[in-house]
Amino acid sequence: QSVLTQPPSVSGAPGQRATISCTGSSSNIGTGYDVHWYQQLPGTAPKLLMFGNTNRPSGVPDRFSGSKSGTSASLAITGLQAEDEADYYCQSYDTSLSSWVFGGGTKLTVL
Amino acid sequence: QVQLQESGPGLVKPSETLSLTCTVSGGSIRSSSDYWGWIRQPPGQGLEWIGFIYYSGKTYYNPSLKSRVTISIDTTKNRFSLKLNSVTAADTAVYYCARVHAFDGGNYFDYWGQGTLVTVSS
């Protein structure tokens, strides 16, 4: 059971928008630590998708955007494409656990 | 472009020690702004941070694994290693090495190896 809670699955039709939430607490996201996001395509290693809540690494399309408010963060994907089907993980730091932590992951299905 | 490659046995017996090495290419392991870490993923499950190391040798471990984990670094060979002792079936996972970028708002993992499956079984 992760201290960062993500929905197990989300889905959307091609071209639509999908949002993945990451809910934490006052000992992680709420302390001011940033949230980072990773995309894991089937059978591959995770890939950094967003860092520092809202920053895209070079090469990540601007269809992906991040936000953070209070003890939660969100990843939004607009113009869904079949290639976006993957597992998505949020990550932050937890002061109570003294540990870098990942959310449980969300499987995005493009219908 | 930084690349990381894990190597080590794919099968370890219960109660023995899991040992993996990560070789870094395309960049120096002595980078002042980076750490070098390990993450694992049990089959069909999520990601778990194991620990990371700075080129000076300073280490940070997941408290839940700290008693069994040792991460070391060899700057002359641009590689770092993981040892996890007293393994059980619960340690069966894909083990990833990654570069950990130091960031004001909290470190993140910006380059990953392809991962290596380690199975604990007799």
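Pop out the Kirkwood hydrodynamic radius of the protein assembly as shown from its pairwise C-alpha distances, inverse of mean 1/r, in Å to one decimal. Don't jump to the answer; show the numbers that get you there.
Values: mean 1/r = 0.0554 Å⁻¹.
Averaging 1/r across every pair of different Cα atoms and inverting gives 18.0 Å.
Within the set of other residues whose C-beta is less than 14 Å from the C-beta of B:Gln5, count the net charge using Lys and Arg as +1 and Asp and Glu as -1. Don't skip to the end; give the middle numbers.
Numbers: positive: B:Lys77, B:Arg79, B:Arg99; negative: B:Glu6.
Around B:Gln5, the surrounding residues sum to +2.
Working note: Karplus 6.51/-1.76/1.60 with θ = phi - 60° gives the range A:47-57 the couplings 10, 5, 10, 8, 10, x, 6, 9, 9, 9, x Hz, where Gly and Pro are set to x.
Just to confirm a number: summing +1 for Lys and Arg and -1 for Asp and Glu over residues other than B:Gly57 whose beta-carbon lies under 15 angstrom from that of B:Gly57, what do you get?
Details: positive: B:Arg30, B:Lys58, B:Lys77, B:Arg79, B:Lys83; negative: B:Asp34, B:Asp74.
Value of the local net charge: +3.
In summary, the lysines within cross-link reach of B:Lys58, defined as a Cα separation below 19 angstrom excluding same-chain residues under 8 places away, comprise B:Lys66, B:Lys77, B:Lys83.
Placing pseudo-labels 7 Å out from each Cα toward the beta carbon at B:Lys77 and B:Asp104 gives an inter-label distance of 3.9 nm.
What is the sum of charges around A:Val101, taking Lys and Arg as +1, Asp and Glu as -1, for the other residues whose C-beta is under 14 Å from the C-beta of A:Val101? Local charge sum for A:Val101: -2. What the phi angles of the range A:94-101 give under the Karplus curve with 6.51, -1.76 and 1.60, with θ = phi - 60°, is a coupling list of 10, 6, 5, 8, 6, 8, 6, 10 Hz, glycine and proline written as x. Label-to-label distance, A:Ser26 versus B:Ser19, with points set 7 angstrom from Cα along the beta-carbon direction: 4.7 nm.
Each reported figure results from applying straightforward, stated rules to the coordinates on display, with no laboratory input. Keep in mind the model is a prediction, meaning the values are calculated, not measured. Please note: Cβ atoms are built from the backbone with ideal geometry, for glycine as well, and neighbour counts cover all protein chains shown.
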